[in-house]
Amino acid sequence: MTWFLDHVDDVLALAREHVYLAGLPLLLGLLIALPLGWLARRYRALYTPFTAGFGLLYTIPSLALFILLPGILGTKILDRNNVLVAMTIYTVALLVRTVADALAAVPDDVTQAATAMGFTRVRRFFAVELPLAVPVIAAGLRVAAVSNVSIVSVAAVIGIPQLGLLFTDGFARTFYDPIVVGLAACIVLALAFDLLILGVTRALTPWQRASGGAA
């Protein structure tokens, strides 16, 4: 506790960077996964190649990806854009199948009713299918958020500043205080992301509260 109080400004600065590196890829990954998941749902032949293919991206070791990306993107090894791109790839890997399955779970009679009411395919997607798929997509996003918070810390090995630096610093000095503080901060951060996603999901799905109250 004493070490934390003595270094609270440093920890908060690293936490802010960690939020940026873990949070922005969640939004970017979701924006990329939505059309890919829709295509996998819309065209049956694409389901297996898309869900299996993008899912395999998650098996790439994070440290290897952080080291390979500078050569692919033409960036420096310490450029944090490498981490943003890597985390976006992992987010897409987790969400493509989730989006496809979430859209597939929308009842056919609901989509047929929307079509009968004159909804175009695009309007039906945004007004009916996507809102109904939100709870399932949010569940996948919560998993991706926790994963991102964890994987981003690995970037400390190549010198990218964020909470992971507390682990490498503590390990290098055989000093456990920064390691414990970094671990606690990562857990708090993951919980904060989880609560934020739950809050947004609750705001986007008011009918779930209504049906719960009626029940």
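Tabulated data for the structure shown
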| quantity | calculated |
| --- | --- |
| Residues of region 176-206 that turn out to be more than 25 Å from A13 (Cα to Cα) and crowded, with 16+ Cβ neighbours inside 10 Å, as a count | 2 |
| Residue list for region 153-163, restricted to those being among the small types (G, A, S) and touching a residue at least 60 places away in the same chain (Cβ under 8 Å) | S153, A155, G159 |
| Search result, residues across region 108-127 that are open to solvent by 20 Å² or more (accessible area, probe 1.4 Å) and either touching a helix residue (DSSP H, G or I) at 6+ places or on another chain (Cβ under 8 Å) or under 30 Å from P25 (Cα atoms) (or both) | V110, T111, T115, F119, R121, V122, R123, R124, F125, F126, A127 |
| Evaluation of T205 against (1) closer than 30 Å to F126 by Cα; (2) touching a helix residue (DSSP H, G or I) at 6+ places or on another chain (Cβ under 9 Å); (3) modelled with pLDDT of 90 or more (one fails), failing number | (3) |
| Residue under evaluation F4, criteria (1) surrounded by 21 or more Cβ atoms within 10 Å (Cβ to Cβ); (2) at pLDDT below 90; (3) of a type outside the set (A, V, I, L, M), criterion not met | (1) |
| Residue match in region 64-82 (condition: of a type in the set (G, A, S), assigned to a helix (DSSP H, G or I) and either closer than 23 Å to P161 by Cβ or in contact with a strand residue (DSSP E or B) (Cβ under 9 Å, 6 or more places away or on another chain) (or both)) | yes |
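The values are calculated or read from the model by the stated rules, or taken from the named source; none is laboratory data. All figures in this text were calculated on a predicted structure; none of them were measured in a lab. Don't worry about glycine lacking a Cβ; one is built from the backbone with ideal geometry, like all the others, and counts go over all protein chains shown. In case anyone asks, the SASA skips ligands and DNA or RNA and just uses the protein heavy atoms, side chains included. Shrake-Rupley method; radii C 1.70, N 1.55, O 1.52, S 1.80 Å.
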